[in-house]
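Enquirer: The structure under discussion is supplied below as structure tokens; questions concerning it will follow.
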Amino acid sequence: MDSLWSKSFDGVRNFPRLSQDICCDVCIVGAGIFGVTCAYYLNLLGFDVVVIDKDDIAGKTTGNTTGKITSQHGLFYSYLINNFGHHFAGLYLEANESAITNIKSIIDKENISCDFSFENNFVYTTDFDRLKSIRDEVEAVRSLNFPCEFASSVGLPFNIAGSVCFKNQAQFHPLKYVWGLCNSICDSTRFFTHTTVSDVRQDNGSYVVSCDDVGYRVRSKFVILACHYPFINVPGFYFTKMYQSSSYLIAVDTKKSLFDGMFISADSPSFSFRTAKFGKKNLLLIGGAEHKTGSYCNYDSTYGVLENLAKKYYPDCDVLFRWNTRDCVSLDKIPYIGLFANNLPNFYVGTGFKKWGMSLSNVAANIVVDMITGKDNVYSSIFNSSRLNPIKNRDEFKNMVVQSSKSLLIDKIKRSHLHFEDIPLNSGGIVEVNGDKVGFFRDVDDNIFAVSPFCTHLGCLLSWNDVDKTWDCPCHGSRFDYTGKNLYDPAFKDLKVFDVMD
Ligand code: FES
């Protein structure tokens, strides 16, 4: 399903696939907002940069976000102060506030037309029992010397119990912004798309980045892994400390007047709101229906929830766009930014931005670029990617271990009782064929597609996603389309495909 962003931007251009062995100073793997921002800053400093992506520029998570740029990441500052202390929380806030300023500066300097506007951002609750957590957050943020406000009347079409308001936050059109960055440097930075990086190895003081699908390699002094979820398992071991979450967005057209500002609820389930331009229309964006990637979902539990909410408050509305995205979430909710692993010098990573990649990608790009140039960065210590802190989120850790064990061990050997005839048209499921599991999809014309339903990352049993018609991995969130083509990291290989006549 296409996002509002992709349908309201016609500036996408094609870049070539890698077609020869090349050398550069810095090879960036991934052309989302983090990778392209790194390329932008490094280009300004005179580095010879190569950017490689297996998709298009900003074609995955970046192109499917809400496009909010804020330092207010839910009721996050109480959490940070309680778990990491005042100093840490203050640095986190300052880093993200700086990101808003940095992004605005880039937009002004490069004259990027990306619908940027400053907005107030609200985290609210409709539940009076949760009001204390809102007031606690106000106190927590004020203790960091940041002027947030408590507000109970915010302009939403329903009553709230209270909210925390951050002023001078921002929103933009994420594709227009990233393509603006890309266009400003593409005369002197080489971009290669639809090229899959399959390995990164040290070799004589530099790195060799291999792209097996095209058969060519890039040799560079520095490597930045900016590919959403690191696909290299060892060292780093990111698959043991990060999961992926799926969430959904709709854009609706209504004749009723809309509100100003950006909103996200602190309740469960949580919903997100903002407005965005689409031609002459001002559309309402509603996000939510979050679930762990690979867990069961259907239309009613995802888009259906958002559409019901839209119809409840805007009965005249038409849903114009539906789309969804995935976010990487670390177990302590802090991104991993810095050296990919302590024993790999000049090899960097930025990941685990949760739902706040618009601001955190800028924070990450500044940290990584400063590390490459040997400059001190006051924020780098709080995002240390090699940290071995005690686990702050034991429930999430337990869930991750249980889910991985279940998908890797129990579900793999458990018999599937689904019969092929039970799979409806335009749907999929796993069937036992001669004792082996096979993932089938029947399209609307009853064409049959059969794949091995085992993830090419670490072998977990995949689950069928009937909303997107994809095979999703419950362990670390890799995704494949119904033909077996890999869509999302950390897996990068396609699924084994069976001839249906086998
Ligand atoms: Fe890790 Fe599938 S994503 S096993």
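The values are calculated or read from the model by the stated rules, or taken from the named source; none is laboratory data. Keep in mind it's a predicted model, so treat the numbers as computed, not measured. All Cβ positions, even for glycine, are placed from backbone atoms using ideal geometry, and neighbour counts span all protein chains on display. Accessible surface areas use protein heavy atoms only, side chains included; no ligands, DNA or RNA. Shrake-Rupley method; radii C 1.70, N 1.55, O 1.52, S 1.80 Å.
Enquirer: Can you tell me how many residues in the stretch 127-156 are surrounded by fewer than 18 Cβ atoms within 10 Å (Cβ to Cβ) and in contact with a Lys or Arg (Cβ under 8 Å, 6 or more places away or on another chain)?
Expert: Total satisfying the criteria: 3.
Enquirer: Tell me yes or no: at least one residue of the stretch 415-437 is away from the ligand (no atom under 16 Å from the Cβ), without any contact (Cβ under 8 Å) to a residue 60 or more places away in the chain and touching a helix residue (DSSP H, G or I) at 6+ places or on another chain (Cβ under 6 Å). Break it down into steps so the answer makes sense when it comes.
Expert: Applying the first criterion (away from the ligand (no atom under 16 Å from the Cβ)) to the stretch 415-437 yields 415-429, 431-436.
Applying the additional criterion that residues be without any contact (Cβ under 8 Å) to a residue 60 or more places away in the chain yields 415-429, 431-436.
Imposing the further condition that a residue be touching a helix residue (DSSP H, G or I) at 6+ places or on another chain (Cβ under 6 Å) reduces the set to 431.
Yes, the stretch 415-437 contains a residue that is away from the ligand (no atom under 16 Å from the Cβ), without any contact (Cβ under 8 Å) to a residue 60 or more places away in the chain and touching a helix residue (DSSP H, G or I) at 6+ places or on another chain (Cβ under 6 Å).
Enquirer: Just checking, which of Ser220, Ser246, Ser188, Ser163 is away from the ligand (no atom under 16 Å from the Cβ), modelled with pLDDT of 95 or more and under 24 Å from Trp356 (Cα atoms)?
Expert: Numbers: Ser220 fails: under 24 Å from Trp356 (Cα atoms); Ser246 fails: away from the ligand (no atom under 16 Å from the Cβ); Ser188 fails: under 24 Å from Trp356 (Cα atoms).
Exactly one of Ser220, Ser246, Ser188, Ser163 is away from the ligand (no atom under 16 Å from the Cβ), modelled with pLDDT of 95 or more and under 24 Å from Trp356 (Cα atoms), namely Ser163.
Enquirer: Kindly provide the set of residues from the stretch 285-329 that are more than 16 Å from the ligand (Cβ to nearest atom) and basic (Lys, Arg), ordered by number.
Expert: Matches in the stretch 285-329: Lys311, Lys312, Arg322.
Enquirer: Separate question: In the stretch 238-256, which residues are aromatic (Phe, Trp, Tyr) and open to solvent by less than 20 Å² (accessible area, probe 1.4 Å)? Talk me through it step by step, then tell me what you get.
Expert: We begin by selecting, within the stretch 238-256, every residue aromatic (Phe, Trp, Tyr); these are 238-239, 243, 248.
Scanning the stretch 238-256 gives Tyr238, Tyr248.
Enquirer: Mind counting the residues in the stretch 428-439 that are surrounded by fewer than 16 Cβ atoms within 10 Å (Cβ to Cβ) and on the phi < 0 side of the Ramachandran plot? Break it down into steps so the answer makes sense when it comes.
Expert: First, pick out the residues of the stretch 428-439 that are surrounded by fewer than 16 Cβ atoms within 10 Å (Cβ to Cβ): 432-436.
Subsequent filtering for residues that are on the phi < 0 side of the Ramachandran plot retains 432-433, 436.
Going through the stretch 428-439 one residue at a time, the tally reaches 3.
Enquirer: Also, quick follow-up: Scan Thr325, Thr373 and give me the residue that is open to solvent by less than 40 Å² (accessible area, probe 1.4 Å), polar (S, T, N, Q) and modelled with pLDDT of 85 or more.
Expert: On the way: Thr373 fails: open to solvent by less than 40 Å² (accessible area, probe 1.4 Å).
Testing whether each residue is open to solvent by less than 40 Å² (accessible area, probe 1.4 Å), polar (S, T, N, Q) and modelled with pLDDT of 85 or more leaves just Thr325.
Enquirer: Since Val209 meets every condition but one in (1) surrounded by fewer than 17 Cβ atoms within 10 Å (Cβ to Cβ); (2) over 19 Å from the mean Cα position of the chain (by Cα), which condition does it not meet?
Expert: Result: Val209 passes all but (1).
Enquirer: Ok, one more. Of all residues in the stretch 23-42, how many are more than 17 Å from Tyr177 (Cα to Cα) and open to solvent by 20 Å² or more (accessible area, probe 1.4 Å)?
Expert: If we filter the stretch 23-42 for residues that are more than 17 Å from Tyr177 (Cα to Cα), which is where we start, we get 23-29, 42.
Pick out the ones that are also open to solvent by 20 Å² or more (accessible area, probe 1.4 Å) and you get 23, 25.
Result for the stretch 23-42: 2.
Enquirer: Further question: Condition (residue is open to solvent by 20 Å² or more (accessible area, probe 1.4 Å) and in a helix (DSSP H, G or I)) applied to the stretch 116-126: is it met by at least one residue?
Expert: No: the stretch 116-126 contains no residue that is open to solvent by 20 Å² or more (accessible area, probe 1.4 Å) and in a helix (DSSP H, G or I).
Enquirer: I've got another one for you. Scan the stretch 257-275 for residues that are surrounded by fewer than 18 Cβ atoms within 10 Å (Cβ to Cβ) and in contact with a helix residue (DSSP H, G or I) (Cβ under 8 Å, 6 or more places away or on another chain) and report the count.
Expert: Of the residues in that region, 2 qualify.
Enquirer: Here's a follow-up. For Asn233, are the conditions met, namely being modelled with pLDDT of 95 or more and within 16 Å of the ligand (Cβ to nearest atom)? It would help to see each step written out before you state the result.
Expert: On the way: modelled with pLDDT of 95 or more: yes; within 16 Å of the ligand (Cβ to nearest atom): yes.
So Asn233 fits the description; yes.
Enquirer: Please work out which residue is nearest to Lys68 (Cα to Cα), limiting yourself to the stretch 212-263 and to residues that are in a loop (DSSP other than H, G, I, E, B) and under 17 Å from the mean Cα position of the chain (by Cα).
Expert: So the first thing to find is which residues in the stretch 212-263 are in a loop (DSSP other than H, G, I, E, B), and the list is 212-215, 226-237, 241, 254-261.
Filter once more, keeping what is under 17 Å from the mean Cα position of the chain (by Cα): 226-231, 241.
Numbers: Ala226: 20, Cys227: 20, His228: 18, Tyr229: 21, Pro230: 24, Phe231: 27, Lys241: 26 Å.
Per the stated criteria, the residue is His228.
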